[in-house]
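The values are calculated or read from the model by the stated rules, or taken from the named source; none is laboratory data. Please read these numbers as outputs of a predicted model, since none were measured by experiment. Every residue, glycine as well, gets a Cβ built from its backbone with ideal geometry; the counts of neighbours run over all protein chains shown. The protein model used for the area step is the full one, side chains on, heavy atoms only, and it has no ligands, DNA or RNA in it. Shrake-Rupley method; radii C 1.70, N 1.55, O 1.52, S 1.80 Å.
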Amino acid sequence: MSIYNLDMLKNIDRKKRIGVFFACQIVMAVMLTFFIGYTFLSFNRTAKADALAIGEKSVYEVGEKLNNFLQKGFDVLCVTSDTVDFMLKNGMPTETIRAYLASETANYKKSNVDSFTNIYGWIDGEFIDGGGMLPKIGYVPKSREWYISAVRANGSPAIIFPYVNPLTGDLIISISKMLSDYSSVISTDISISDFQSFVGELSMEGEGYGFIIDKNSLVVAHTDKKDIGKNVLKSDSFSEDMRNLVGRVILSDRQSLDSESKRDFELDIDGNRCMAFSMNVLDDWYVVMVINSTSLFRRIKFNIVFNVVGLLITIMIIAYYCTQTFLGKLKLETKVDEQVAKMSKMQNTIIEELATLIESRDANTGEHVKNTRVYSLLIAKRMYVKKIKSGEVDKTFIRYLRNAAPLHDVGKITVPDSILCKPDRLSDFEYEIMKNHTRIGGAIIRKIFRDSIDKDAVQMAVDVAQYHHERYDGKGYPIGMKGEEIPLSARILAVADCFDALVSQRCYKKSVPANIAFEMISAEAGTHFDPEVVQVFLSLKEEVIGHLRKIKNEAALAEGTCIPQEVKRGALGEVISIQNLT
């Protein structure tokens, strides 16, 4: 009966591995769920933040284009008005001024792709048109908005919001400026057709629409052209939600000190949750973009969910194949373990029978094999529990020792019966033959178990067979190893073998009482035996005596002194002191 049930340990180990594997799977699943959820929320927040940034950027870029466009009109007007003012101050004739305006109109129309349609003005009491057009009958320049606004601006550029040019019928804006005589006014018309190209850029991922309004909420450009020229706050064609949006855009800008402030809102428009972005340009214009955030984020969420689902499917596939691989490995290990167990059982049977056969030649029933194994394992187990030689004594060491211990005297199979069973003292020649059983035992084990799958186990069996008669002081055989040069397994076997030889009765000797045997073992600590191993063995007195009682050998222990066969060549005094123990 083994002290350690190794099959049970293997089963427990396998169950632990399965538990750890599936625990890891669960932990990984929880972590991945948390990670994916966190990633989804992060992506959602990031997507919204990116949408805001993209919307603001799109509106800002269009606002800058509009600003540059209008600023160019101011530049045209300022250069022209300064030149005409200079010409007036120097008394140049009206025809010269007319020719200059005609030349500038032609140049600007050519260079600005017809955005600047005309330069004209009321100059020194006369209406002059750079395009050469004559005013219609009843046209009174001083009653026109371009003239009135310039006078009100008192020398600063004034912008006139979109209106229909009475001469051409086009929707235009005008920029005008009064000259230094406080009567003459120069004005330039700018077509707002380019505004429409600007709003075409107001979208996000193909979603949304944009428009440009003036400070009076008049639509000057819109993605939907039918809304151009309508007043959002006054026209019934716009919904209440749209009027609310425009009102918020204008109101929020008026509350800001930043003349080019960017604004974004989130509100419901016509039943849809929308995001609106706006920017003020030159205090008088507003660029607005409206995005259906529900539709936009639905697409974003769909993309995220699609990727998450794809990731989950991939993870599930990987987890499935990992599980199948793991379970397949366990099945394979089970089959291998079964084969190994069969081989091990067969090997153990061979060991048991071989050891028993050897001992039976020495006129005993094989109890020496069992007892030596028990004592060896008791020592090894106590060392393991007390963490003595912890770097060497572990469960594997104990398992190997369990199988190696019965083979320590396997070499005796070659010793003749005349020597092995001799009841008298051995001669020197016979003693040398007896000593050879250690070398022969190691050779036999190497040959029998040369194909064993566990080389370390075989090596321990060789060690105990070959070196269990080595002495700690170096005076043993077969090669005179000393101290810890002797393998630990052999040092343990030396104590166990000697103790059982002392307390066991043979045909050629009587047994030694257990207390005397313990004293004899103790006396040889540091000389014959490893003192650390002896100390452990002495701590096992109760267990050892319990084993002796169990095998019903208590009566034999009280009968008298026993002389081990290995020391029959010495005197009685030598036996008691174990000086010549072999």
Matching entry among Tyr139, Tyr209 (being loosely packed, with under 15 Cβ neighbours inside 10 Å and aromatic (Phe, Trp, Tyr)): Tyr139
From Ile26, Ile54, Ile18, residue being modelled with pLDDT of 70 or more, assigned to a helix (DSSP H, G or I) and within 30 Å of Phe277 (Cα to Cα): Ile54
Residues (in contact (Cβ under 8 Å) with a residue 24 or more places away in the chain and either open to solvent by 70 Å² or more (accessible area, probe 1.4 Å) or acidic (Asp, Glu) (or both)) located in region 142-164: Glu145, Asn154
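Inside region 404-413, can you point out the residues that are modelled with pLDDT of 85 or more and assigned to a helix (DSSP H, G or I)? Spell out how you get there, then give the answer.
Restricting attention to region 404-413, the residues satisfying the condition of being modelled with pLDDT of 85 or more are 404-412.
Once the filter is applied, which keeps residues that are modelled with pLDDT of 85 or more and assigned to a helix (DSSP H, G or I), region 404-413 yields Ala404, Ala405, Pro406, Leu407, Val410, Gly411, Lys412.
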Criterion violated by Asp530 - all others in (1) open to solvent by less than 30 Å² (accessible area, probe 1.4 Å); (2) under 24 Å from Tyr431 (Cα atoms); (3) not aromatic (Phe, Trp, Tyr) satisfied: (2)
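If we scan region 453-462, do we find a residue that is out of contact with any Ser or Thr (no Cβ under 7 Å at 6 or more places or on another chain), at pLDDT 90 or above and open to solvent by 20 Å² or more (accessible area, probe 1.4 Å)? Reasoning before the result, please.
First, pick out the residues of region 453-462 that are out of contact with any Ser or Thr (no Cβ under 7 Å at 6 or more places or on another chain): 453-457, 459, 461-462.
From what is left, the residues that are at pLDDT 90 or above are 459, 461-462.
Then drop every residue that is not open to solvent by 20 Å² or more (accessible area, probe 1.4 Å), which leaves 459.
Checked against the condition, which is being out of contact with any Ser or Thr (no Cβ under 7 Å at 6 or more places or on another chain), at pLDDT 90 or above and open to solvent by 20 Å² or more (accessible area, probe 1.4 Å), region 453-462 yields at least one hit.
Determine which member of the set Arg450, Arg382 is open to solvent by 80 Å² or more (accessible area, probe 1.4 Å) and farther than 24 Å from Gly480 by Cα.
Working: Arg382 fails: open to solvent by 80 Å² or more (accessible area, probe 1.4 Å).
Only one candidate qualifies: Arg450.
Take region 416-447 and flag every residue that is modelled with pLDDT of 85 or more, open to solvent by less than 10 Å² (accessible area, probe 1.4 Å) and over 15 Å from Ala461 (Cβ atoms). Show your work before the answer.
Start the filter on region 416-447 by keeping residues that are modelled with pLDDT of 85 or more, which leaves 416, 427-447.
Subsequent filtering for residues that are open to solvent by less than 10 Å² (accessible area, probe 1.4 Å) retains 434, 437-438, 441-442, 445.
Within region 416-447, just Met434 meets the criteria.
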Identity of the residue in region 533-553, open to solvent by 50 Å² or more (accessible area, probe 1.4 Å) and either touching a strand residue (DSSP E or B) at 6+ places or on another chain (Cβ under 7 Å) or not in a loop (DSSP other than H, G, I, E, B) (or both), that ends up nearest to Asp500 (Cα to Cα): Ile545
Checking Met92 against (1) aliphatic (A, V, I, L, M); (2) in a loop (DSSP other than H, G, I, E, B); (3) open to solvent by less than 80 Å² (accessible area, probe 1.4 Å); (4) modelled with pLDDT under 90, the condition it does not meet: (4)
Which numbered condition Leu70 fails, given (1) open to solvent by 30 Å² or more (accessible area, probe 1.4 Å); (2) part of a helix (DSSP H, G or I): (1)
In region 95-112, residue modelled with the highest pLDDT [restricted to those that are within 30 Å of Phe198 (Cβ to Cβ) and touching a helix residue (DSSP H, G or I) at 6+ places or on another chain (Cβ under 8 Å)]: Leu101
Test: residue in region 218-237 that is open to solvent by less than 10 Å² (accessible area, probe 1.4 Å), touching a residue at least 24 places away in the same chain (Cβ under 8 Å) and not in a helix (DSSP H, G or I): yes
Flag for Ser256 being at pLDDT 85 or above and over 18 Å from Val164 (Cα atoms): no
Number of the condition not met by Ile379 [criteria: (1) in a helix (DSSP H, G or I); (2) among the hydrophobic types (A, V, I, L, M, F, W, C); (3) out of contact with any helix residue (DSSP H, G or I) (no Cβ under 6 Å at 6 or more places or on another chain); (4) at pLDDT 90 or above]: (3)
Qualifying residue in region 178-197 (condition: over 19 Å from Val76 (Cβ atoms), at pLDDT below 90 and assigned to a helix (DSSP H, G or I)): yes
